[in-house]
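Comments concern the structure below.
Laboratory data are not the source of any read-out in this text; all were calculated from the coordinates shown. Here the structure is a predicted model, which is why all the values come from computation and not from measurement. Here the Cβ positions follow ideal geometry from the backbone for every residue, glycine too, while neighbour counts run over all protein chains shown.
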Ligand code: PMP
């Protein structure tokens with residue numbers, strides 16, 4: 001049945017079959033040890049080699065320099081909503097140094113809200129008492145709905161005139177999985193930020209749903225994080241790539257706390273994870289193992305450059321069918337350049353031009369007839385969402401496009 005199924009789920013999602021076959025074997029008997037991978041000690045040299053190899057492959061894929069730590073942790077993208085703000089605030093407090101005022105105003109964090117996941121990150125920051133400044137909310141530039149990346153000229157960034165006042169981070173999500181909004185290529189417009197801001201403010205990216213599908217300039221970021229369950233592996237592991245100089249300090253040092261550094265739960269302190277090579281506590285062993293296999297598999301298939309080409313080809317086919325649909329399929333993302341290559345979101349609309357639940361149900365059924373599953377939009381927005389992550393092949397995408405074209409012929 002697996003061969004006849006085309007899984008376009010938004011995450012957890014499809015993984016390469018060859019990887020899963022190898023992982024199935026490793027789950028039973030890892031490299032002839034007589035023990036399955038998840039039955040080893042996480043402190044064993046055998047498992048340490050698994051972590052080291054996953055890290056080395058990821059470093060090669062993303063060209064991660066040595067002054068960045070690669071951390072494998074848990075808690076999903078959601079936990080990084082808290083961890084990113086707390087660690088960057090702590091770093092900011094540490095930078096302030098002993099000469100600053102006795103009762104410093106807490107640093108701000110700037111957010112670029114382009115979809116549901118950044119909105120959630122802001123909500124979590126506020127819950128934690130973080131002074132979150134929403135520099136821009138894309139809904140205010142698109143009639144109340146997500147579907148654009150507003151230009152930098154519309155962002156109300158905090159002042160970065162001095163190191164003291166500068167915000168602790170600028171946070172964005174490179175690909176909004178629910179809303180299908182992706183920063184237009186070539187990615188985040190770092191060069192358009194005011195020069196003092198770009199120099200002083202650490203840039204933080206949630207790349208949960210498009211990492212490894214196009215190049216990202218790690219050196220221009222302070223922190224990049226992503227949950228695994230789209231392009232990387234099974235859910236359970238979350239990867240954090242962070243510039244080491246931002247996490248070198250002791251977050252519990254009285255001087256840091258006195259400067260407004262937050263108390264951070266132990267397992268969220270990046271320094272703890274880095275100092276212990278991701279083995280501070282028991283890690284999600286199976287997910288790390290499979291992620292390592294996925295990385296190695298991608299290296300064999302042209303690395304990130306290969307994935308970039310395939311993503312363009314696949315999403316190009318699907319958006320092409322949408323463009324040829326005579327208005328039957330309407331993209332939910334109004335700004336063409338911000339249409340995601342990973343999550344293609346659209347409505348099926350009636351001849352009168354309104355989204356039609358009945359037509360959408362028929363489209364989902366037509367997909368199912370050809371083995372295409374998990375194409376319903378997120379429950380919060382409805383419509384259709386076809387996710388074309390790295391493990392989805394061009395051939396599978398062609399079947400989807402076939403279904404779309406046949407549906408257009410029937411309905412228009
Ligand atoms: N960020 C993005 C972009 C996501 O797509 C998701 C989940 N789909 C999350 C964060 C939250 O991830 P998790 O469910 O792993 O906490």
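Things worth noting here:
- The calculated 222 nm mean residue ellipticity attributable to helices in the chain amounts to -11500 deg cm²/dmol, summing -39500 (n - 2.57) over DSSP H runs of n ≥ 4 and dividing by all residues.
- Inter-centroid distance (Cα atoms) of segment 1-51 relative to segment 273-351, Å: 21
- Mean separation of Cα contacts under 8 Å, 6 or more apart, over the residue count of segment 249-373: relative contact order %: 11
- Packing rank of 375-381, 71-77, where each peptide gets the mean count of other beta carbons within 10 Å, highest leading: 71-77, 375-381
- Relative contact order, percent, the chain [alpha-carbon distance under 8 Å, six or more residues apart]: 23
- Relative protection proxy for 84-90, 318-324, from highest mean packing down: 84-90, 318-324 (other beta-carbon atoms within 10 angstrom).
- Highest-first arrangement of 214-224, 139-149, where packing means the average Cβ count within 10 Å: 214-224, 139-149
- Most mobile listed residue (382, 358, 303) in the chain, GNM with C-alpha springs under 10 Å: 358
- Note: relative contact order over segment 197-308, using C-alpha pairs below 8 Å and six or more positions apart, is 26 percent.
- Cα centroid separation, segment 68-98 to segment 353-412: 39 Å.
- Residue of 356, 275, 191 that the Gaussian network model of the chain assigns the largest fluctuation, springs spanning Cα pairs under 10 Å: 191
- When the convex hull of its Cα atoms is projected in every direction, mean area for the chain (nm²): 20.3
- Note on segment 303-411: semi-axes of the ellipsoid equivalent to its C-alpha gyration tensor, largest first and rounded to whole Å, are 22, 15, 13.
- Antiparallel bridges, percent of DSSP beta bridges restricted to the chain (to nearest 5): 55
- Relative to the longest principal axis of the Cα atoms of the chain, helix 17-28 runs at roughly 60 degrees.
- Between helix 285-300 and the chain: long-axis angle, C-alpha atoms, 0 to 90°, nearest 10: 70
- For the chain, a Gaussian network of Cα nodes joined below 10 Å ranks 17, 334, 114 by mean-square fluctuation, and the top entry is 17.
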